[in-house]
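Worksheet: the structure to be examined is printed underneath.
The values are calculated or read from the model by the stated rules, or taken from the named source; none is laboratory data. What you see is a predicted model; the values in this text were computed from it and never measured. Ideal geometry is used to build each Cβ from the backbone, glycine not excepted, and the neighbour counts take in all protein chains shown.
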Amino acid sequence: MNILKRKKLSLLLALILVVSSLAACGKSDTASQAPNAGQNASQDGEKSGKNGTIRIGQTWVIGALDPTDSSVPWGLTSHGVSEGFYMLDENGHLYSRFIKELKQTSDTSWDAILNEDVKFSDGSAVDAKALSDAMNAIQEKNELSNATVGKITFTPKGDYELEIKSERPTMTMDSVLAEWTNVVFKQDGDKFIFTGPYMVASMEPENKIELTPNPYYPDADKRQDVELRAFKDVTALKLAFESGDIDMAFTVTPDVAELLKKDGKMVKSIPAGYQYFGMCNLKDGALKDPKVREALNYGLNRQDYLDVLKGGKIETGLFASYYDFAGKEKLTYDKEKAMKILEEAGYKKNKDNIYEKDGKPLNIRLVTYTSRPDLGLIVQVMTSQLKDLGIKAESQVVDDIDQFKKSGQFDLMVYAQHTAPTGEPSFFLNQFFRTNEPNNTMGYSNPKVDKLLDQFGSEKDQAKRNEIAQEIQHIIYEDAPVLFLVDPEWHIAVSDKLKDYEPYGGDYYIVNAKLGL
């Protein structure tokens, strides 16, 4: 090599080094400028690469970071990025990192004294102004946050004191503030900054999200990076776990759980807290007829669903059986009674053994969604059950269930919901069954239910509150805007690396502050 070529090569290498250094500076983020950042990034390489990063496979990953947008705040908290004003711990108790004392001053007014040592992930203080700005934005932009007590307003009374006022009375403001819509954040231009144990390092919407420890959250230097990946296919999720490509599969279907256990893999099973139910379209189609809904309540054998799911319980209402306010309905399978109800409603079987009325066959369009694989299994069984009853059935499994909820292009939507994420029933009952509320896409309206929900908000005695919740569930059972199906069990596969991980709260706190510690 001649001298000229060597000089050119030396200059080229020097230029590459300079560009690389500048690029590294350009990629600095909040975490790298904060205390403990060096500890988070190094630790002899244990916090990076395949051996250090905790990799979690799920059936979904968030597609946006705007905490005022519909169900996004739920996903942010599940991913460990945001925190609710209040949250549930693993024992089902409410706690808050933000509120030191919450005092009721009237049926609709509360004073909150705030902790003074909590910071956002950029190091700024979570004070009364920051909290009121965040909460008022959520109340204005996300109608789901108004379900339980109407719109809530937050007003600073000092640097670390808030006045909280609601449109409707509540005796449990801590529970209202624990509703998944109410996450703590601040906005800086087009960026959202949160307080959870992790920050977003990079994101491929609805596909992958990479997290790094929030340096201002306690024990930040002990945490590893986390990567969440979405798997639309249950088999792919299983294979990724078996190969060691992921450390956790949240969740796996019962048959996959069984196979993994036989192979010596660790699978943790929990009562989900979620409930599986069928949402009926009361506006149009076959289930607009209450007699058809009544017939289905008798004609669907819930035990068949438990058999295919290899666990769980038949629902007695809208809440998991371990809650004091769980319903007490006894669902009875009686095929002959179901057929008799249809015949009394004017349906007759045609030559194809399908019920019809006025020359039109009784047809039910079933829909469910991919992110809850259990529901697809239920729909398969239900389709067969309906045909056995003499009802024509069509089924779909879609990616975007919200689109179907809004469009009404279904008769029966098989759905999953954590119905008591705050340990209290009012959020779900108001969202789904109060007249004209945003998640009441069934078109259900019963003035008695609305009145009971109003009473629920102003009732102080817990035993009476439980009775009101159970009375509402009984009315729901009789009106059948939804069909109670399964109180399920969930299965989470974990590697030895996460053998101490204890899942709780369904999927509300998958990435929690104790993950990997």
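Only residues that are aliphatic (A, V, I, L, M), in the same structural domain as residue 512 (by TED's automatic domain parsing) and part of a helix (DSSP H, G or I): list them for the range 236-289, please.
Scanning the range 236-289 gives 236, 237, 239, 240, 256, 257, 259, 260.
Assuming residue 475 fulfils every condition listed in (1) touching a Ser or Thr at 6+ places or on another chain (Cβ under 9 Å); (2) hydrophobic (A, V, I, L, M, F, W, C); (3) surrounded by fewer than 21 Cβ atoms within 10 Å (Cβ to Cβ) apart from one, which condition is it?
Status for residue 475: all satisfied but (1).
For the range 305-318, what are the residues that are under 16 Å from residue 277 (Cβ atoms) and assigned to a helix (DSSP H, G or I)?
Within the range 305-318, 305, 306, 309 meet the criteria.
Every residue, every condition in (1) touching a helix residue (DSSP H, G or I) at 6+ places or on another chain (Cβ under 9 Å); (2) over 23 Å from residue 282 (Cβ atoms), yes or no:
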site	(1), (2)
323	yes, yes
355	yes, no
377	yes, yes
382	yes, no
392	yes, no
395	yes, no
399	no, yes
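Suppose we keep only residues that are closer than 29 Å to residue 463 by Cα and of a type in the set (Asp, Glu) within the range 394-437. Which one would you say is surrounded by the most Cβ atoms within 10 Å (Cβ to Cβ)?
Of everything passing the filter in the range 394-437, 424 is surrounded by the most Cβ atoms within 10 Å (Cβ to Cβ).
A quick yes/no check of all residues on (1) in contact with a Leu (Cβ under 7 Å, 6 or more places away or on another chain); (2) part of a loop (DSSP other than H, G, I, E, B); (3) without any contact (Cβ under 8 Å) to a residue 60 or more places away in the chain; (4) within 27 Å of residue 160 (Cβ to Cβ):
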{"residue": "56", "(1), (2), (3), (4)": "yes, no, no, no"}
{"residue": "62", "(1), (2), (3), (4)": "yes, yes, no, no"}
{"residue": "67", "(1), (2), (3), (4)": "yes, yes, no, yes"}
{"residue": "74", "(1), (2), (3), (4)": "no, no, no, no"}
{"residue": "77", "(1), (2), (3), (4)": "no, no, no, yes"}
{"residue": "97", "(1), (2), (3), (4)": "no, yes, no, yes"}
{"residue": "116", "(1), (2), (3), (4)": "no, yes, yes, yes"}
{"residue": "129", "(1), (2), (3), (4)": "no, no, yes, yes"}
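Given 509, 477, 501, which one is assigned to a helix (DSSP H, G or I) and at pLDDT 95 or above?
Exactly one of 509, 477, 501 is assigned to a helix (DSSP H, G or I) and at pLDDT 95 or above, namely 477.
Any residue at all in the range 348-371 that's at pLDDT 95 or above, in contact with a Phe, Trp or Tyr (Cβ under 6 Å, 6 or more places away or on another chain) and surrounded by fewer than 19 Cβ atoms within 10 Å (Cβ to Cβ)?
The answer is yes; a qualifying residue exists.
Report every pair of residues separated by at least 6 positions or lying on different chains whose Cβ atoms are under 7 Å apart, first residue within the range 142-158 and free of Cβ contacts under 8 Å to residues at least 40 places away in the same chain, second in a helix (DSSP H, G or I) and small (Gly, Ala, Ser).
Close Cβ pairs (under 7 Å, with a partner that is in a helix (DSSP H, G or I) and small (Gly, Ala, Ser)) amount to 154/132; 155/132; 156/128; 156/132; 158/128.
I'm trying to understand the selection: among the residues of the range 491-514, which are in contact with a strand residue (DSSP E or B) (Cβ under 8 Å, 6 or more places away or on another chain) and more than 14 Å from residue 249 (Cα to Cα)?
Passing the criteria: 504, 505, 508, 509.
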